[in-house]
Amino acid sequence: MRVFVTGATGFVGLATVSELISTGHEVIGLSRSDAGAETLIRTGATVARGDVNDLRRLREIASGAEAVIHTAFNHDSSADVRQESENDRKVIATLGASLPGPHAPLIITSGTGLAQSATGGPVTETDPHAPSSVFPRAASEEAAEALIEQGGNVMVIRLPQVHDTHRQGRILRHIQLAKQQGSVAYIGDGTNRLPAAHVTDVARLYRLVLENGQRGARYHAVTEQGVTLRAIAEVLGTQLRLPVQSLTPQQAQAYFGPLLQLAEMDLPASGTETQQRLDWNPTGPDLLTDLRSTDYA
Ligand SMILES: NC(=O)c1ccc[n+]([C@@H]2O[C@H](COP(=O)([O-])OP(=O)(O)OC[C@H]3O[C@@H](n4cnc5c(N)ncnc54)[C@H](OP(=O)(O)O)[C@@H]3O)[C@@H](O)[C@H]2O)c1
């Protein structure tokens, strides 16, 4: 299939481009830089230059594809998440309107942390997301739902903490804090959890959803339901050679600052249904193994 991948130069996008090419798909990767374009060419993709918010250009590129995988999102620390999320709503609407015909697949990226469990257990694929008025980033799933209502062949992949030995999402912020504060910390008994998946497994799931996904379905790219913040802190303490401590809520405010709300959250998620429906058998290393092999210098 000729697949247009946005965010093709990013962590998840580039792994997905490699997976698609190695399994015989043709990839058009979006890049806004020369360096990104060179990386994509080396990977075997065709490059389309452009900014995702240039909707006319986006329409032009997407209309030449048979499918779209959308992973682009601006995570710059200076970015306004609400504004970026509303931009993403427009990007998704444009992609949906650009594909040739209602059967062409469009895969949207979201996060498991936006979903709300109906049972109090790990969030599942059928659990709805919080509204964008509560979590602005949910605008992407709302945009996907609007296209599905119009008959589009749209699917959503919710990501957990995606990792390898170079990137581990928000854990980087815990590492930076630990270096600044001289200790690694968790709150209370540290049993609150983060779901996770290795980036190569996530990339394979994007391909499986492209090839066999069901219109309107949500998939969870989750291989570990919940790794405790305490287990993560203990590995970081060993690797960074820093003491590990449990903090009271009052101490946590001073240590975590603006990260406090995130550090307190318990976010377990299940990928069982996704694994069964798509015969997705994860093989990558787990989060703690990758954290033990990371170069912290
Ligand atoms: N990684 C995780 O653990 C995780 C967890 C939950 C959800 N997600 C979601 O998964 C998606 C991919 O995440 P990631 O970790 O791969 O992010 P990433 O490494 O930061 O990559 C972001 C990609 O988006 C591109 N991009 C950003 N703004 C753009 C713009 N205006 N025009 C064109 N391209 C633009 C970047 O291009 P440049 O190379 O030019 O910067 C890059 O290719 C995002 O939607 C993210 O919110 C990720």
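Figures for the structure shown
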{"read-out": "Zone of Asp295's modelled label, taken as backbone nitrogen in the range 162-184 under 11 Å from a point 7 Å along Cα→Cβ", "value": "166"}
{"read-out": "Built amide H within the under 5 Å cut-off of Ala72, gap 5+", "value": "Thr6, Gly7"}
{"read-out": "Full-extension gain in nm, Thr238 to Arg56, via 0.36 nm per residue minus C-alpha separation", "value": "60.5 nm"}
{"read-out": "Heavy atoms of Lys90 accessible to a 1.4 Å probe, total area in Å² rounded to 10", "value": "120 Å²"}
{"read-out": "Gaussian network model of the chain, springs between alpha carbon atoms under 10 Å - residue of Asp279, Asp201, Asp127 with greatest fluctuation", "value": "Asp279"}
{"read-out": "Residue-wise HN-Hα coupling along the range 99-113, computed from phi with Karplus coefficients 6.51, -1.76, 1.60 (Hz; x: Gly, Pro)", "value": "5, x, x, x, 8, 5, x, 10, 10, 9, 9, 9, x, 5, x"}
{"read-out": "Vicinal HN-Hα couplings computed from phi for the range 164-169 (Karplus, 6.51 cos²θ - 1.76 cosθ + 1.60; Hz; Gly/Pro x)", "value": "8, 8, 10, 10, 9, x"}
{"read-out": "Label-reachable residues, the range 269-297, where backbone N falls under 15 Å from a point 7 Å from Gln214's Cα toward its Cβ", "value": "272-280"}
{"read-out": "Residue-averaged [θ]222 nm for the chain, counting only DSSP H segments that reach four residues, each worth -39500 (n - 2.57)", "value": "-12000 deg cm²/dmol"}
{"read-out": "Sequence of Arg277, Arg167, Arg42 when ordered by accessible area, the most exposed leading, probe 1.4 angstrom", "value": "Arg42, Arg167, Arg277"}
{"read-out": "Under the span-like rule (Cα at least 27 Å along the axis, Kyte-Doolittle mean at least 0.5), DSSP H helices of the chain", "value": "none"}
{"read-out": "Two-site FRET efficiency, Glu86 against Glu273, from Cβ-Cβ distance with R₀ of 30 Å, rounded to 0.05", "value": "0.50"}
{"read-out": "Where Ser110, Ser293 fall by accessible area, highest first, once all protein chains stay in place (1.4 Å)", "value": "Ser293, Ser110"}
{"read-out": "Distance in nm between pseudo-label sites at Ser63 and Thr23 (7 Å out along the Cβ direction from Cα)", "value": "3.0 nm"}
{"read-out": "Under 15 Å, Cβ to Cβ, from Leu229 - net charge with Lys/Arg +1 and Asp/Glu -1", "value": "-1"}
{"read-out": "Cut-off under 5 Å, modelled amide H: who pairs with Asn53 long-range", "value": "none"}
{"read-out": "Centroid-to-centroid separation of the range 2-20 and the range 158-180 [C-alpha atoms, Å]", "value": "21 Å"}
{"read-out": "Cleavage-rule hits, chymotrypsin sites (Phe, Trp or Tyr not before Pro), the range 202-297, DSSP coil, Cβ neighbours within 10 Å at most 15", "value": "Tyr296"}
{"read-out": "Two-site label geometry, Ala130 and Gln180: point separation in nm, points 7 Å out along Cα→Cβ", "value": "2.3 nm"}
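The values are calculated or read from the model by the stated rules, or taken from the named source; none is laboratory data. Please read these numbers as outputs of a predicted model, since none were measured by experiment. FYI the Cβ positions are ideal-geometry reconstructions off the backbone, even for glycines, and counts take in every protein chain you see. When the accessible area is computed, the model is the full protein with side chains, heavy atoms only, and any ligands, DNA or RNA have been set aside. Shrake-Rupley method; radii C 1.70, N 1.55, O 1.52, S 1.80 Å.
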